[in-house]
Amino acid sequence: MFWIVWALVGLVVWWAMNMLMTGKAGGTNWLASLIVALLGSWLGDLVLGNWLWMWAGFNVIAGVIGAVVLTWIWNLISKQLK
């Protein structure tokens with residue numbers, strides 16, 4: 001169940017950040033940004049630990065924070081490389 005919650009948090013944050021940063025859900029680099037969002041979600045849970053809203057052993061708030069930060073950094077870097 002942990003992996004399902006992790007994937008859902010990563011997907012929702014990926015979609016929201018892409019809509020916010022680029023104005024479209026996919027784009028040309030959608031797979032890389034999806035991987036970055038999933039990685040950020042996992043790292044957020046790993047680094048920030050067990051506090052606030054836990055669901056199936058996954059810290060949802062920390063996962064969202066990690067995914068938002070890493071996806072934002074990725075979008076900034078990918079815009080600079082274009």
Likely footprinting exposure, Trp51, Trp14, Trp42, Trp72, fewest C-beta neighbours within 10 Å first | Trp51, Trp72, Trp42, Trp14
Under the Debye formula (equal points on every Cα, no solvent term), log10 I(q)/I(0) of the chain at q = 0.16, 0.21, 0.26 Å⁻¹ | -0.53, -0.83, -1.15
Once every DSSP H run of n ≥ 4 in the chain is given -39500 (n - 2.57) and the sum is divided by its residues, what mean residue ellipticity at 222 nm do you get, rounded to the nearest 500 deg cm²/dmol?
-> -25500 deg cm²/dmol
Fewest-first sequence of Met54, Met17 by Cβ atoms within 10 Å of each Cβ | Met54, Met17
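Every number in this text was worked out from the coordinates using simple rules, so none of it is lab data. Remember, it's a predicted structure, so these values are computed and weren't measured experimentally. Neighbour counts run over all protein chains shown; Cβ positions are idealised from the backbone, glycine included.
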